1. Show which aspartates and glutamates lie in cross-link reach of residue 36 when reach means a straight Cα distance below 18 angstrom and same-chain residues fewer than eight apart are skipped.
2. Report, by chain and number, residues whose modeled amide H sits under 5 Å from the one on residue 13, excluding near sequence neighbours (fewer than 5 apart, same chain).
3. Enter the accessible area per residue of the stretch 82-136 (Å², integer; probe 1.4 Å; all protein chains in place).
4. Rank these by accessible area, largest first, 1.4 Å probe: 77, 85, 130.
5. Of the candidates 59, 163, 74, which one comes out as most mobile in a Gaussian network treatment of the chain with C-alpha springs shorter than 10 Å?
6. Can you give me the long-range amide H partners of residue 42? Hydrogens built in the peptide plane at 1.01 Å from N, cutoff under 5 Å, separation of 5 or more residues or another chain.
7. Can you put 1, 73 in order of accessible area, largest first, using a 1.4 Å probe?
8. For the stretch 18-127, what is the largest minus smallest coordinate of the Cα atoms on each principal axis, given in angstrom and ordered from greatest to least?
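The values are calculated or read from the model by the stated rules, or taken from the named source; none is laboratory data. Computed from a predicted structure; not experimentally measured. Side chains are part of the model used for accessible areas, which takes the heavy atoms of the whole protein and leaves out ligands, DNA and RNA. Shrake-Rupley method; radii C 1.70, N 1.55, O 1.52, S 1.80 Å.
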Amino acid sequence: TCMLREIEMSRCDKNDIIQIGTQYVLKIQGKGYDSKEDMAILEEDTLQAILDYLKIRGKDNNEPLFVSCATNTKGHRITTRSISRIFKNILVRFGLDSSLYTGHSTRHTGATLLNKSGKASLQEIQETLRHKDINTTTIYTHLENRLTNPMEEVLQRYINEEKGKYYGKKQNNFSS
């Protein structure tokens, strides 16, 4: 639900989880930034999953929030490549075994679902994704808009109406 980039996940430290009022947030060092100037709100399920992970991980002095379990790098900050591989394995387990589905595509899914809900403006989606340029955000929402309002269907209905005028009868607006 945080729609983090892999680099943002990799850069997280344990002390980046803070409470502001009644909300828990994760301080984020975004792509192209040198400091953790942004944040993502941790919904209850997400926060609980992180706390469960930290409990299983046990007490350690490692600062990174997410660490490697690999033999050679155990306890070190997890790499973006490892995060990508973990996401890919999860997606494959869900039957999404295609080069089209990546950890990054979960951001696309989040943006698409927010757009589809009708409860978030493009500007709110941009802010959630932490995009500098709103044109980047429109790329994420473009496909969903194309599927819900295909211009090909509008054009076909217009052609059918024109054919109906020419032939003097009403055509089915949804035939091809």
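1. Within the straight-line cut-off, residue 36 pairs with 6, 8, 13, 16, 63, 127.
2. 65
3. Values: 3660 Å² over 55 residues.
Result: 67 Å² per residue.
4. Numbers: 77 90, 85 130, 130 30 Å².
Final ranking, largest accessible area leading: 85, 77, 130.
5. Maximum among the listed residues: 163.
6. For residue 42, whose amide H was placed from the backbone, the distant partners under 5 Å are 24, 25, 26.
7. Working: 1 125, 73 60 Å².
Highest to lowest solvent-accessible surface, that is 1, 73.
8. Reported extents, whole Å, longest axis first: 45, 41, 29.
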